[in-house]
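The values are calculated or read from the model by the stated rules, or taken from the named source; none is laboratory data. What you are looking at is a predicted structure, and each value in this text was computed from that prediction instead of being measured. Note that each Cβ is placed from the backbone with ideal geometry, even for glycine, and that neighbours are counted across all protein chains shown.
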Amino acid sequence: MTAFHGQMGMFTRALTYILSHGADGLQQVAEDAVLNANYVLRSCDDLLQAPFGASGPCMHEALFSDTNLPDHFGTLDIAKGLIDEGFHPMTVYFPLVVKGAMLVEPTETESKAGLDRFIASLRHVAQRALDGDESLHAAPVLAPRRRLDETLAARKPVLVWQGEAG
């Protein structure tokens, strides 16, 4: 099977999405995604640094930085803290031109209630970092997997799969 054939399902879903919305619907979903991103940006830019926030509305993604957090707190602490809040963390350390980047891309399907829950959680985790809550360094503590010891992983990498016996 070629790579193209392997992607046919993706193309079919994208075309179905486009056709099901039509021209007016596509414009509406694009506008909704932009509105959602700006709502997140303006709801959190008083706690987290928004490097391009002053330049006006963003498009479909809200970009934050960890530059205003205390020195021993960073993007990874915010992302892992969100896991304990019940959210999949945002894209971290991208784009590369922003130190400690945190890229939030709410889709057009997010409800205001869902966005409000996410914003409250992001604000809570950011405030914990600003307050110097050292327990944030252990996050996530409520997830099935804990935070990776990056130093140990770099010094003693496990490069083969070690499945369960039996």
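Restricting attention to segment 71-89, and to residues there that are surrounded by 12 or more Cβ atoms within 10 Å (Cβ to Cβ) and not in a helix (DSSP H, G or I), which single residue is farthest from the chain's Cα centre (by Cα)?
Here the residue is F73.
Give the residue, chosen from L63, L41, that is surrounded by 15 or more Cβ atoms within 10 Å (Cβ to Cβ), assigned to a helix (DSSP H, G or I) and under 16 Å from the mean Cα position of the chain (by Cα).
Unique residue meeting the criteria: L41.
Among the residues of segment 42-56, is there at least one that is out of contact with any Lys or Arg (no Cβ under 9 Å at 6 or more places or on another chain), at pLDDT 95 or above and among the basic types (K, R)?
The answer is yes; a qualifying residue exists.
Listed here are the residues, each with its yes/no results for (1) in contact (Cβ under 8 Å) with a residue 60 or more places away in the chain; (2) surrounded by fewer than 13 Cβ atoms within 10 Å (Cβ to Cβ); (3) of a type in the set (S, T, Y).
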{"site": "E110", "(1), (2), (3)": "yes, no, no"}
{"site": "A113", "(1), (2), (3)": "no, yes, no"}
{"site": "F118", "(1), (2), (3)": "yes, no, no"}
{"site": "H124", "(1), (2), (3)": "no, no, no"}
{"site": "R128", "(1), (2), (3)": "no, no, no"}
{"site": "A138", "(1), (2), (3)": "no, no, no"}
{"site": "A143", "(1), (2), (3)": "yes, yes, no"}
{"site": "R147", "(1), (2), (3)": "yes, no, no"}
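Pairs, please: C-beta under 8 Å, at least 6 apart or cross-chain, first residue closer than 12 Å to M59 by Cβ and in segment 21-44, second in a helix (DSSP H, G or I) and of a type in the set (A, V, I, L, M, F, W, C)?
Partner pairs satisfying both residue conditions: N36/L115.
Could you tell me which numbered condition F87 fails, if it satisfies all but one of (1) in contact with a helix residue (DSSP H, G or I) (Cβ under 8 Å, 6 or more places away or on another chain); (2) of a type in the set (A, V, I, L, M, F, W, C); (3) closer than 16 Å to D45 by Cα?
(3)
Residues that are touching a residue at least 24 places away in the same chain (Cβ under 8 Å), buried (at least 16 other Cβ atoms within 10 Å of the Cβ) and under 28 Å from A143 (Cβ atoms): does segment 47-55 have at least one?
Yes: one or more hits.
Would you check if E61 is acidic (D, E) and in contact with a strand residue (DSSP E or B) (Cβ under 9 Å, 6 or more places away or on another chain)?
In short, yes.
Report yes if A154 is at pLDDT 95 or above, surrounded by fewer than 16 Cβ atoms within 10 Å (Cβ to Cβ) and either part of a strand (DSSP E or B) or out of contact with any helix residue (DSSP H, G or I) (no Cβ under 9 Å at 6 or more places or on another chain) (or both), otherwise no.
Taking the combined requirement at face value, the residue does not satisfy it.
Quick one: count up the residues across segment 66-125 that are among the β-branched types (V, I, T) and over 24 Å from L142 (Cα atoms).
Qualifying residue count for the region: 5.
Assuming A14 fulfils every condition listed in (1) touching a Pro at 6+ places or on another chain (Cβ under 6 Å); (2) at pLDDT below 95 apart from one, which condition is it?
Among (1) touching a Pro at 6+ places or on another chain (Cβ under 6 Å); (2) at pLDDT below 95, A14 violates only (1).
So V92 passes all but one of these: (1) crowded, with 16+ Cβ neighbours inside 10 Å; (2) at pLDDT below 95. Which condition number does it fail?
Failing condition for V92: (2).
Yes or no: segment 130-146 includes at least one residue that is touching a strand residue (DSSP E or B) at 6+ places or on another chain (Cβ under 7 Å), assigned to a loop (DSSP other than H, G, I, E, B) and among the aliphatic types (A, V, I, L, M).
Among the residues of segment 130-146, not one is touching a strand residue (DSSP E or B) at 6+ places or on another chain (Cβ under 7 Å), assigned to a loop (DSSP other than H, G, I, E, B) and among the aliphatic types (A, V, I, L, M), which makes the answer no.
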